[in-house]
Amino acid sequence: MSAQELHVDGGAVRFTHPGKVLYPETGTTKLDVAMYYMQVAPVMIPWARDRPATRKRWVDGVGTGTDPGKSFFQKNLDASTPEWVLRQRMQHKDHVNIYPMVNDARTLVWLAQTATLEIHAPQWRFSPDGTPQHPDRMVLDLDPGEGAGLPECAAVALLVKESLAQMGVVSLPVTSGRKGLHVYAELDGKRTSDEVARLAHELAMSLESEYPEMVVSRMDKELRRGKVLVDWSQNWPGKTTVVPYSLRGSALPTVAAPRRWEEIDAVDLAQLDYREVLARIEAGIVPGL
């Protein structure tokens, strides 16, 4: 079957080539991706709602570890976008983009139809009149350098948690679906994006100063060997981070998965794939800020 209609939220999405394999190593199809996003929508949409979504698409699939597929980022909506997709105009320095807003399950299924695997968003939302608001969260991306891995990221994540707790800030770990971890911190919306980025930078530099054998706050690859980069820069207003519960365009269908803090200290901590994430949701394991 080359095309069908998927009924979501009282509407339909025209869905083509449902059997197309997007993850060859696991045989995961385009329809599998759509069904995942349909099921995960109730817990994913609160993370994405009212934020301009940047899509990362793999129209021919992710390929394999030895022969990866081609991908591209897409910000602006094109003429073929269904009229029911909620959107918002945003003025950049020299152009205007019209972004989709991932506020409903039907839009998530449409994204799957376009072979969008990864959904990225900033840490701020639009107000009802389309004005960018102050960020309501801060994110620190813990990225292991050569010779380090997820255990090292977990150790640094616990240090980040402790530092944020001393500031009276609630935080949540998210295994990134790639190599590392993201730590989100809840904000009250009183600081500007620039102020939040500076705060995140100060926190990263403080951790680097206190734990120089574990942490680095600068991007230089030669500084990162055996250490974890605390990337604070994703808090700038023009930057985005993969949305929690988004799939990743890796060889395996892994997910940026919110975790409980007690999991981060476990010796068997690992990245999760979409089936494991769905099982967690079914079991009521839905950590949040």
- Message: Please go through the stretch 237-253 and give me each residue that is within 23 Å of Pro42 (Cβ to Cβ) and open to solvent by 40 Å² or more (accessible area, probe 1.4 Å), ordered by number.
- Response: Thr240
- Message: I'd like the full set of residues that are over 14 Å from the mean Cα position of the chain (by Cα) and either modelled with pLDDT of 95 or more or buried (at least 21 other Cβ atoms within 10 Å of the Cβ) (or both), limited to the stretch 254-267.
- Response: Arg260, Trp261, Glu262, Glu263, Ile264
- Message: Just to be sure I understand, how many residues within the stretch 32-63 are farther than 30 Å from Gln133 by Cβ and assigned to a loop (DSSP other than H, G, I, E, B)?
- Response: 5
- Scanning the stretch 100-124 for residues that are β-branched (Val, Ile, Thr) and under 30 Å from Trp261 (Cβ atoms), the one surrounded by the most Cβ atoms within 10 Å (Cβ to Cβ) turns out to be Val102
- Message: For the stretch 173-192, give me the residue count where each residue is more than 14 Å from Ala154 (Cα to Cα) and out of contact with any strand residue (DSSP E or B) (no Cβ under 7 Å at 6 or more places or on another chain).
- Response: 5
- Message: Suppose the filter is in a loop (DSSP other than H, G, I, E, B), open to solvent by 20 Å² or more (accessible area, probe 1.4 Å), of a type in the set (S, T, N, Q) and in contact (Cβ under 8 Å) with a residue 24 or more places away in the chain; does Thr66 pass it?
- Response: no
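Being out of contact with any Cys (no Cβ under 9 Å at 6 or more places or on another chain), open to solvent by 20 Å² or more (accessible area, probe 1.4 Å), among the hydrophobic types (A, V, I, L, M, F, W, C) and at pLDDT below 95, is that true of even one residue in the stretch 6-14?
Within the stretch 6-14, one or more residues are out of contact with any Cys (no Cβ under 9 Å at 6 or more places or on another chain), open to solvent by 20 Å² or more (accessible area, probe 1.4 Å), among the hydrophobic types (A, V, I, L, M, F, W, C) and at pLDDT below 95.
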- How many residues are surrounded by fewer than 19 Cβ atoms within 10 Å (Cβ to Cβ) and part of a strand (DSSP E or B) when one looks only at the stretch 16-31? 3
- Tally of residues being over 16 Å from His7 (Cα atoms) and touching a helix residue (DSSP H, G or I) at 6+ places or on another chain (Cβ under 6 Å) across the stretch 72-122: 2
- Query: Do you know which residues across the stretch 69-85 are closer than 27 Å to Asp136 by Cα, part of a loop (DSSP other than H, G, I, E, B) and open to solvent by less than 30 Å² (accessible area, probe 1.4 Å)?
  - Reply: Leu77, Val85
- Selected residue [touching a residue at least 12 places away in the same chain (Cβ under 8 Å) and closer than 16 Å to Glu118 by Cα] from Leu22, Leu6: Leu22
- Pick from Gly19, Gly10: which is more than 16 Å from Ile281 (Cα to Cα), touching a helix residue (DSSP H, G or I) at 6+ places or on another chain (Cβ under 8 Å) and not charged (D, E, K, R)? Gly19
- Just a yes or no: is a residue in the stretch 125-135 of a type in the set (S, T, N, Q), open to solvent by less than 50 Å² (accessible area, probe 1.4 Å) and under 15 Å from Trp232 (Cα atoms)? no
- Test: Ala270 is open to solvent by 30 Å² or more (accessible area, probe 1.4 Å), of a type in the set (Gly, Ala, Ser) and free of Cβ contacts under 8 Å to residues at least 40 places away in the same chain: no
- Please identify the pairs in which a residue from the stretch 102-130 that is more than 25 Å from Ser250 (Cα to Cα) has its Cβ atom under 7 Å from the Cβ atom of a residue that is open to solvent by 20 Å² or more (accessible area, probe 1.4 Å) and part of a strand (DSSP E or B), counting only partners at least 6 apart or on another chain. Trp124/Pro132; Phe126/Gln88; Phe126/Pro132; Gly130/Gln88; Gly130/Arg89
- Note on the structure: Scanning the stretch 153-191 residue by residue, the ones that are closer than 16 Å to Ile264 by Cα, open to solvent by 70 Å² or more (accessible area, probe 1.4 Å) and not charged (D, E, K, R) total 1
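The values are calculated or read from the model by the stated rules, or taken from the named source; none is laboratory data. Everything numeric here is computed off the predicted structure, so don't read it as measured data. Note: ideal-geometry Cβ built from the backbone for every residue, glycine included; neighbour counts use all protein chains shown. Just so you know, the surface numbers come from the protein's heavy atoms only, side chains and all, with ligands and any DNA or RNA stripped out. Shrake-Rupley method; radii C 1.70, N 1.55, O 1.52, S 1.80 Å.
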